[in-house]
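What follows is a set of notes on a single structure, which appears directly below.
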Amino acid sequence: MKRIIIALAVIVVLAAGGGIALSLNTNNGGAVLTASGAGHEVSRADVEENAKDHPFRDEEPDSVSCPSGLRAKEAASVQCTAAYKGRPKSMTISVTEVQDDQVTVDFAILDKSPKGEAGEKK
């Protein structure tokens, strides 16, 4: 968990210096997924399907694409791409707890829109 907080802090600092509007999804709740197989991981399909159920600014993604599954190890993460009305956003899915084959994960979105264009109505 400490690594996740440090990583998010680094993203905030980099985003502020680069003129990027940073929007982290903090009202999405977590999810409990099931790991299996010799690699003790959550399958790519399960990660993507569950990520689609976690809205960003009250909007669920049209699709989520991840390069792989997610290892069932605390602080493990996978960087995915979520599409919201055709706009891709970086989604990080991170493991916060593992108990046997039950893997608790959190979802975070990085909105890389230029300042003032983060999709908000003014």
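Straight-line cross-link reach from Lys52 at under 13 Å between alpha-carbon atoms covers these aspartates and glutamates, not counting any fewer than eight positions away in the same chain: Glu60, Asp62, Asp106. Share of carbon and sulfur in the accessible area of the range 63-116 stands at 47%, probe radius 1.4 Å.
Residues whose amide H falls under 5 Å from that of His40, counting only those 5 or more places apart or on a different chain, are absent, with hydrogens built in the peptide plane. For Ala72, neighbours were defined as the other residues whose beta-carbon sits under 15 Å from its Cβ, and their charges (Lys and Arg +1, Asp and Glu -1) total -4. A simple count of charges around Phe107, restricted to other residues whose Cβ falls under 12 Å of its Cβ and scoring Lys, Arg +1 and Asp, Glu -1, yields -2.
The values are calculated or read from the model by the stated rules, or taken from the named source; none is laboratory data. This is a predicted model, so every value here is computed, not measured. Don't worry about glycine lacking a Cβ; one is built from the backbone with ideal geometry, like all the others, and counts go over all protein chains shown. Protein only, heavy atoms only, side chains kept; ligands, DNA and RNA dropped before computing areas. Shrake-Rupley method; radii C 1.70, N 1.55, O 1.52, S 1.80 Å.
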